[in-house]
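Scroll down for the structure; my scribbles are underneath it.
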Amino acid sequence: MSRFFRVAAVALLALVIAGPALGGQTARAHTFLLWSDPAADAVLTASPEWVTLGFDVNPARGTTIAVLDEWGNDLAAGPTVRDGEKAGVPVWPLGPGIYTVTYTVVSSDDGHETAGSFLFTIVPAQ
């Protein structure tokens, strides 16, 4: 290995190791959904009162959650509420059916928006 490449490799390794200690921050491109209640693909026998999502960073203003029935009607009973790394919406009483939760989360770290969706199902209680 030539002297130039050895020096470049050592310098790069030093930056990688010392970067965080010098105040460097890891770049974040997206906010990640960590969990939800109800969970994705859950099968419930009763309506939830809230749909709550947990993220890896605090959601910022502009974060929205919708709970859609099979015809696309939003059944959220109020605005999206943010609390730490969680966001949620109250929902009207839901009957048996398949529901789609859609969300757009704005990262408080960098302002980037991430959108996603998942389903849950309510079946009649036996």
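Annotations for the structure displayed:
Here is a yes/no grid of residues against (1) touching a strand residue (DSSP E or B) at 6+ places or on another chain (Cβ under 8 Å); (2) modelled with pLDDT of 95 or more; (3) within 15 Å of Thr80 (Cβ to Cβ); (4) not in a loop (DSSP other than H, G, I, E, B):
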position: Ala21; (1), (2), (3), (4): no, no, no, yes
position: Thr26; (1), (2), (3), (4): no, no, no, no
position: His30; (1), (2), (3), (4): yes, no, no, no
position: Leu34; (1), (2), (3), (4): yes, yes, no, yes
position: Ala40; (1), (2), (3), (4): yes, yes, no, no
position: Ala46; (1), (2), (3), (4): yes, yes, no, no
position: Val51; (1), (2), (3), (4): yes, yes, yes, yes
position: Gly54; (1), (2), (3), (4): yes, yes, yes, yes
position: Arg61; (1), (2), (3), (4): yes, no, yes, no
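- Filter pass, Asp74 being touching a Leu at 6+ places or on another chain (Cβ under 8 Å), farther than 12 Å from Gly116 by Cβ and without any contact (Cβ under 8 Å) to a residue 24 or more places away in the chain: yes
- Single residue of region 89-105 satisfying the filter (touching a residue at least 60 places away in the same chain (Cβ under 8 Å) and farther than 15 Å from Gly72 by Cβ) that is surrounded by the fewest Cβ atoms within 10 Å (Cβ to Cβ): Tyr103
- Residue list for region 107-120, restricted to those being free of Cβ contacts under 8 Å to residues at least 60 places away in the same chain and touching a strand residue (DSSP E or B) at 6+ places or on another chain (Cβ under 9 Å): Ser108, Glu113, Ala115, Ser117
- Hey, Gly88 part of a strand (DSSP E or B) and over 16 Å from His30 (Cβ atoms) or not: yes
The values are calculated or read from the model by the stated rules, or taken from the named source; none is laboratory data. Worth saying up front: this structure is predicted, and the values here are computed from it rather than measured. So basically every Cβ, Gly included, is an ideal-geometry build from the backbone, and we count neighbours across all protein chains shown.
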